[in-house]
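This report concerns only the one structure given below.
The values are calculated or read from the model by the stated rules, or taken from the named source; none is laboratory data. Nothing here was measured: the structure is a model prediction, and the numbers come from that model. Note: ideal-geometry Cβ built from the backbone for every residue, glycine included; neighbour counts use all protein chains shown. Each accessible area value is taken on the protein alone, full model and side chains, heavy atoms only, with ligands, DNA and RNA left out. Shrake-Rupley method; radii C 1.70, N 1.55, O 1.52, S 1.80 Å.
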Amino acid sequence: MEMINAIGRRKASVARVFLTKGEGTISINGKDYKDYFPQLHVQGSITEPFTTVNLESNLYNLKINVGGGGYKGQAEAARMGISRALVKLNADFRKPLKDKKLLTRDAREVERKKYGKPKARKSFQFSKR
C-alpha cells in the first residue's frame, strides 16, 4: 500500500483524502485537524470512520485537501472521503460504514433564488385590492 486516495462531497464542499501508512497525523489544508476544526463535535466526525471499524487512527497518515462550503460541510465531506479510502484499504469495512450511512452522498444543496421572488420559494405578500 503506497497511497490510497478518495473523494468525499457534501453540500458545496469537496474533500480529497490521501491515506498512507504512518504515525497517525491528520492534516487538513496543511494544518492539524484540531486547529482547522476547533469545534469538538466537528473533530469527532473526522475520526468517526476509524471508530466505526475499530481501527486505530494512529496507524495511518491522512492528508486532506478540502474546499468550498462551510466548516460543517467540509467536515462531512472529509468524513465521507475517509470512509471511501478505508473501503479501498479493506473491503470488509464496507458493511459497518454503510450501516452508519458514512458512504452515502448527502446531495441536499441550497436551492437557487428564482427571479420575481425574494428567496428561492418565498413570495411577496398577495394583495387582492
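A compact table of results
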{"quantity": "Subset of segment 26-53 (residues that are of a type in the set (D, E, K, R) and under 19 Å from S83 (Cβ atoms))", "calculated": "E48"}
{"quantity": "Meets criteria (at pLDDT 95 or above and either touching a His at 6+ places or on another chain (Cβ under 8 Å) or in a loop (DSSP other than H, G, I, E, B) (or both)) for R129", "calculated": "no"}
{"quantity": "Hits in segment 64-99 (condition: under 14 Å from the mean Cα position of the chain (by Cα) and exposed (fewer than 14 other Cβ atoms within 10 Å of the Cβ))", "calculated": "G67, G70"}
{"quantity": "Which numbered condition K63 misses (of (1) in contact with a Phe, Trp or Tyr (Cβ under 6 Å, 6 or more places away or on another chain); (2) more than 24 Å from K31 (Cβ to Cβ))", "calculated": "(2)"}
{"quantity": "Enumeration of residues in segment 36-59 that are at pLDDT 90 or above and open to solvent by 40 Å² or more (accessible area, probe 1.4 Å)", "calculated": "Y36, P38, Q39, L40, H41, E48, T51, N54"}
{"quantity": "Residue selected from segment 104-118 under the condition surrounded by fewer than 10 Cβ atoms within 10 Å (Cβ to Cβ) and without any contact (Cβ under 8 Å) to a residue 60 or more places away in the chain, by the criterion nearest to the chain's Cα centre (by Cα)", "calculated": "A107"}
{"quantity": "Verdict on T47 being without any contact (Cβ under 8 Å) to a residue 24 or more places away in the chain and under 16 Å from the mean Cα position of the chain (by Cα)", "calculated": "yes"}
{"quantity": "Residue count for segment 15-35, restricted to those that are within 27 Å of R108 (Cα to Cα) and open to solvent by 60 Å² or more (accessible area, probe 1.4 Å)", "calculated": "3"}
{"quantity": "Residues located in segment 76-103, provided they are touching a residue at least 40 places away in the same chain (Cβ under 8 Å) and acidic (D, E)", "calculated": "E76"}
